[in-house]
Amino acid sequence: MKKLLEINNLSIEFNSDRGTTRAVDTISLSLDKGETLGIVGESGSGKSVTALSIMRLLPSPPAKIVSGEILFHQPETLNLLSLPEKGIERIRGAEIAMIFQEPMTSLNPVFRCGHQVTEAIQLHQKTSFAEAKALTLKLFERVKLPDPTRIFNAYPHQISGGQKQRVMIAMAMSCNPSLLIADEPTTALDVTVQKTILDLMRELKEESGLSMLFISHDLGVISEICDRVVVMFQGKIVEEGSVEKILRQPEHPYTRGLVACRPSLKRKLWRMPTVPDFLENAQFESRVVTPAETQNRQKKAANPGAHFTG
Amino acid sequence: MNDVSFDIFPGETFGLAGESGCGKTTLGRTIARLTEAHAGEIWYKGVDLQKLSEEAFLPYRREIQVVFQDPYSSLNPRMGIGEAIVEPMQVHKFHENDRARREKAIELLETVGLQADHFQRYPHEFSGGQRQRICVARALALQPRFLICDEMVSALDVSVQATVLNLLMDLQEKFGLTYLFISHDLSVIKQMCDRLLIMNQGQTEALGYPEDIYKNPEREYVKRLMEAIPGE
């Protein structure tokens, strides 16, 4: 497989009055062409900072890239970190596109949805408005938005959260990027809407041979769409492997915690396992509530006198 | 919402599930009388809440508390979190004076896993999970019997979600609380709830024990909600 993106020994620090914080600590990762790589970790683990640094969207100051390189092979190798502003502008949005967690805040509330996409198209391609509009309507169809003309003319507040994320995906796909960075794209959505968005992203990837960097705090979501995953904890990559391996045989206590803290349709636990539980004791296990115990509790609840003192 | 009927037993956790727009939030708000119902009755401990005057409802407004989804918009950014917990106690004239109320607020902060020295801080200094803990402390300030948790953990990281779920289970044990737990996520409902109601476009899709409903999901809608859980 040919590599598309390589991050080597990247470290990023933030300076503030209170001192210097290292948000990303000598991480290295690579992404093959056509591959979907997941980055999983909690808020503050450095995963979004990593994504933003690829797009060169980190405000500096306070952010400072202390070391490392980000190589993008398309087709000649560029170090994104050392490109001049003009150079990165040609890549950003065109070669590498990004979608964010909050479709509500990523779209400008005072412009119609369609115009925000045509603007992105006209920024990178020499087309007339009519051509850009035709392309946008086609993209809206491709991301399965119902009634593309209506959505084109709608303001963001007039469409649902899932539809907004589809508009964002259409915008991201508008210049046929070779890499799509998705930063928690489904986190603010209902599980059912999340599923339709993940299905769509999987389809787009298969159709266009797109590579994807998919960031989430939820290993469940990662497992639905990614081939490989890196686990970030306190700015470092602590584990890396196939989705299968990370889910079934997580090695690092932190990864074990992330796998275990997700509730399941199949069982009820006496106590939800948490990440700190595993950091303290890597073999931590939480006891499953037995059917007999469940029935006992149900009986107690159905018999108010026994329980209720109010 | 149309013709929905169910009971909640004291001390139990009753789940309310469905997609956005299915009417679950409206239902929760109607019980707390934040929204008016067009028809039907809501009986709480033998009293029809809908029929009460605003004044007669006041004690129930204390007993029934709501915690909302968005920990960012449910706290006043200009008010210290300690004062935010003291305020409802002032309104409902709980405890003798403000000093006693402050002591109580500190105790509540500790109950939900925060610290006494957080009292003076402002919401922006806390993470999403910590803010939900603050909202819980504020709800507990009025010694409620019944807590409506409306998508309370949906905006949180899964790892933070686990800690808040544990807190809710601990508090139920400690105070004998009854929960109406609203969520679109059937795996979270499974962990938390004794019984559940699944709603679709304001109508009942399923009502019963999670183990029964999940084992044999008769309705397409229930299946769809189950299949949407990632990683299962």
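Summary table below
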quantity: Check on B:Glu151, of a type in the set (Asp, Glu) and at positive phi; calculated: yes
quantity: Members of segment A:235-269 that are of a type in the set (A, V, I, L, M) and part of a loop (DSSP other than H, G, I, E, B); calculated: A:Leu265
quantity: Considering residues of segment A:17-56 that are more than 14 Å from chain B (Cβ to nearest Cβ) and exposed (fewer than 15 other Cβ atoms within 10 Å of the Cβ) only, the residue nearest to A:Glu89 (Cα to Cα); calculated: A:Ser28
quantity: Complete set of residues in segment B:43-65 that are under 15 Å from B:Ile148 (Cα atoms) and not β-branched (Val, Ile, Thr); calculated: B:Tyr44, B:Tyr60, B:Arg61, B:Arg62, B:Glu63, B:Gln65
quantity: Filtered residues of segment B:16-59 (kept if outside any helix (DSSP H, G or I) and among the hydroxyl-bearing types (Ser, Thr, Tyr)); calculated: B:Ser20, B:Thr35, B:Tyr44, B:Ser53
quantity: Candidates A:Lys33, A:Lys47, A:Lys3, filtered to the one that is in contact with a strand residue (DSSP E or B) (Cβ under 8 Å, 6 or more places away or on another chain), closer than 22 Å to A:Ser174 by Cβ and of a type in the set (Lys, Arg); calculated: A:Lys33
quantity: Subset of segment A:101-123 (residues that are assigned to a loop (DSSP other than H, G, I, E, B) and crowded, with 19+ Cβ neighbours inside 10 Å); calculated: A:Gln101, A:Leu107
quantity: Members of segment B:82-116 found to be in a loop (DSSP other than H, G, I, E, B) and over 21 Å from the mean Cα position of the chain (by Cα), listed by number; calculated: B:Lys93, B:Phe94, B:His95, B:Glu96, B:Asn97, B:Gln115
quantity: Selection within segment A:256-272 - under 26 Å from B:Tyr214 (Cα atoms) and under 24 Å from the mean Cα position of the chain (by Cα); calculated: A:Gly257, A:Leu258, A:Val259, A:Ala260, A:Cys261, A:Arg262, A:Pro263, A:Ser264, A:Leu265
quantity: Exclusive hit being at pLDDT below 95, among the aliphatic types (A, V, I, L, M) and closer than 30 Å to A:Ser216 by Cα, set B:Val160, B:Val91; calculated: B:Val160
quantity: Test: residue in segment A:163-173 that is surrounded by 19 or more Cβ atoms within 10 Å (Cβ to Cβ) and either modelled with pLDDT of 95 or more or within 25 Å of A:Asp25 (Cα to Cα) (or both); calculated: no
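Here is a yes/no grid of residues against (1) over 24 Å from A:Cys226 (Cα atoms); (2) assigned by TED's automatic domain parsing to the domain that holds A:Ser223; (3) in contact with a Cys (Cβ under 8 Å, 6 or more places away or on another chain); (4) in contact (Cβ under 8 Å) with a residue 24 or more places away in the chain:
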| site | (1), (2), (3), (4) |
| --- | --- |
| A:Phe14 | yes, yes, no, yes |
| A:Ser28 | no, yes, no, yes |
| A:Leu31 | no, yes, no, yes |
| A:Gly38 | no, yes, yes, yes |
| A:Val49 | no, yes, no, yes |
| A:Ile54 | no, yes, no, yes |
| A:Pro61 | yes, yes, no, yes |
| A:Ile70 | no, yes, no, yes |
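The values are calculated or read from the model by the stated rules, or taken from the named source; none is laboratory data. Being a predicted model, the structure only gives us computed values, none of them experimental. FYI the Cβ positions are ideal-geometry reconstructions off the backbone, even for glycines, and counts take in every protein chain you see.
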